[in-house]
Amino acid sequence: MPVDPNAPITVTAYDWVPDFAKGEVRDLRVRWALEEVGQPYAVRFLEQGQQKAPAHRALQPFGQVPTYEKGDLTLFESGAIVWHIAERFDGLMPREPRGRAKALEWLFAALNTVEPPISDYAIATIFEAGEPWAAQRLPSVEARIFQRLEEASERLGDADWFTGTFTVGDLMMVSVLRPLKGTGLLDPYPSLARYVTRGTDRPAFRQALADQMAGFTGSPPPEVDAWLAEMEAKKGKLA
């Protein structure tokens, strides 16, 4: 389902992010969910800095993306938005109560149990990579990731999806695990690596990713250029 500027649903996204963040910004989760349920959507792009302005904070009090707007409903937080989409439209949520409960169980497991150590890994290897404590902190972060991956891998077993059929729970779990591809952290867990590939091979995901990437047409503000240069310099000193 292509992006439609006249669609009743509007999602906010950035018009520029650093290269390492392209394909990772969390509006991708919302785009993917909308593609899975066949709902067109418009995108309101924000320049870097606009997310902290009062107009956007009225929609998202923490100054982040994405937000979701339809009529008089405004939502923030990708998990809440994806949950709403799955509840509102057919395609991501089983109809029977037990199946719905299991789908939500895995959505929350992805966000509350699996994602936190993965986010810590990004902080240690990207955002604070030049800090003196980053290298010391990394082994403990990786140990927590391995623990969660081991547990998730045991539960998945030989199944294609955690919830039997592809649901909102799997959409979120794939979204959370996907940043680990290429880090080597998924290598000991081939079933999870195949699981992520299975999710990202879905046509809805490929379309959502292509549309997000196509939207990065803006330019970095001067202060971002300076920050990136400083971060690279710090990395060089520790290399």
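The values are calculated or read from the model by the stated rules, or taken from the named source; none is laboratory data. Keep in mind the model is a prediction, meaning the values are calculated, not measured. Positions of Cβ are generated from backbone atoms using ideal geometry, with glycine treated the same way; all protein chains shown enter the neighbour counts. Calculation scope for accessible area: heavy atoms of the full protein, side chains included, ligands and nucleic acids excluded. Shrake-Rupley method; radii C 1.70, N 1.55, O 1.52, S 1.80 Å.
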**Fill in**
The residue that is modelled with the highest pLDDT, considering only those in the range 118-133 that are buried (at least 19 other Cβ atoms within 10 Å of the Cβ) and over 14 Å from the mean Cα position of the chain (by Cα), is Tyr121
**Request:** Name the one entry in Leu138, Leu149, Leu186 that is crowded, with 18+ Cβ neighbours inside 10 Å and in a helix (DSSP H, G or I).
**Result:** Leu149
**Asked** Quick one: in the range 185-224, which of the residues that are of a type in the set (S, T, N, Q) and touching a residue at least 60 places away in the same chain (Cβ under 8 Å) is farthest from Gly23 (Cα to Cα)?
**Response** Ser219
**Prompt:** Is it the case that the range 193-212 has a residue that's closer than 30 Å to Pro2 by Cα, at pLDDT below 95 and either hydroxyl-bearing (Ser, Thr, Tyr) or under 16 Å from the mean Cα position of the chain (by Cα) (or both)?
**Reply:** no
**Message:** Which condition from (1) in contact (Cβ under 8 Å) with a residue 12 or more places away in the chain; (2) within 22 Å of the chain's Cα centre (by Cα) is the one that Arg137 breaks?
**Reply:** (2)
**Prompt:** Tell me, which helices (runs of 4 or more DSSP H) lie completely within the range 1-104 with 1 or more residues that are surrounded by fewer than 19 Cβ atoms within 10 Å (Cβ to Cβ)?
**Reply:** 54-57, 78-88
**Asked** Quick check: anything in the range 160-174 open to solvent by 70 Å² or more (accessible area, probe 1.4 Å), assigned to a loop (DSSP other than H, G, I, E, B) and either at pLDDT 95 or above or in contact with a Cys (Cβ under 8 Å, 6 or more places away or on another chain) (or both)?
**Response** yes
